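Novice: My questions will all concern the structure given below.
Every number here is computed from the coordinates shown, using simple stated rules; none is lab data. It should be emphasised that the depicted structure is a prediction, and the values quoted were computed from it without experimental measurement. Here the Cβ positions follow ideal geometry from the backbone for every residue, glycine too, while neighbour counts run over all protein chains shown.
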C-alpha cells in the first residue's frame, strides 16, 4: 500500500507543477488566482497522504485543517480587496 500512496503523491506533485504553470503563464489575474487555489487544494491532499505515509495521520490532518482555514481566510481577503478596487 505504501508504494501506491507514494505514486499518488508523485501524481499530486505533477499536478501542482501544472497549476504552477497556470500561475506563471496565466493571461489574466483570475487564471493566476485559480491556479493558486488549485495549488492550495492539492497541498491539502498531499499533507493527508504524507500523514498516512509517515504513520501519523492525526498530526498531518490537523496541519491540513489549519492550512485550509488560512487559505479560506486568504481567499476572503482577496475577494474583499478586488471588490473594493474594481471600478463600478
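Novice: Please find, among 73, 65, 46, 78, the residue that is in a helix (DSSP H, G or I) and crowded, with 16+ Cβ neighbours inside 10 Å. Show your work before the answer.
Specialist: On the way: 73 fails: crowded, with 16+ Cβ neighbours inside 10 Å; 65 fails: crowded, with 16+ Cβ neighbours inside 10 Å; 78 fails: crowded, with 16+ Cβ neighbours inside 10 Å.
Unique residue meeting the criteria: 46.
Novice: Condition check: within 30 Å of residue 1 (Cα to Cα), within 16 Å of the chain's Cα centre (by Cα) and in contact (Cβ under 8 Å) with a residue 24 or more places away in the chain. Does residue 16 satisfy that?
Specialist: Working: within 30 Å of residue 1 (Cα to Cα): yes; within 16 Å of the chain's Cα centre (by Cα): yes; in contact (Cβ under 8 Å) with a residue 24 or more places away in the chain: yes.
Considered against the rule, which asks whether it is within 30 Å of residue 1 (Cα to Cα), within 16 Å of the chain's Cα centre (by Cα) and in contact (Cβ under 8 Å) with a residue 24 or more places away in the chain, residue 16 comes out as yes.
Novice: Moving on. Go through segment 24-36 and count every residue that is surrounded by fewer than 16 Cβ atoms within 10 Å (Cβ to Cβ) and in a helix (DSSP H, G or I).
Specialist: The qualifying residues number 7.
Novice: If residue 87 satisfies every condition in (1) assigned to a helix (DSSP H, G or I); (2) loosely packed, with under 15 Cβ neighbours inside 10 Å but one, which is the exception?
Specialist: (1)
Novice: What's the total number of residues in segment 7-38 that are touching a helix residue (DSSP H, G or I) at 6+ places or on another chain (Cβ under 7 Å) and more than 21 Å from residue 81 (Cα to Cα)?
Specialist: The qualifying residues number 8.
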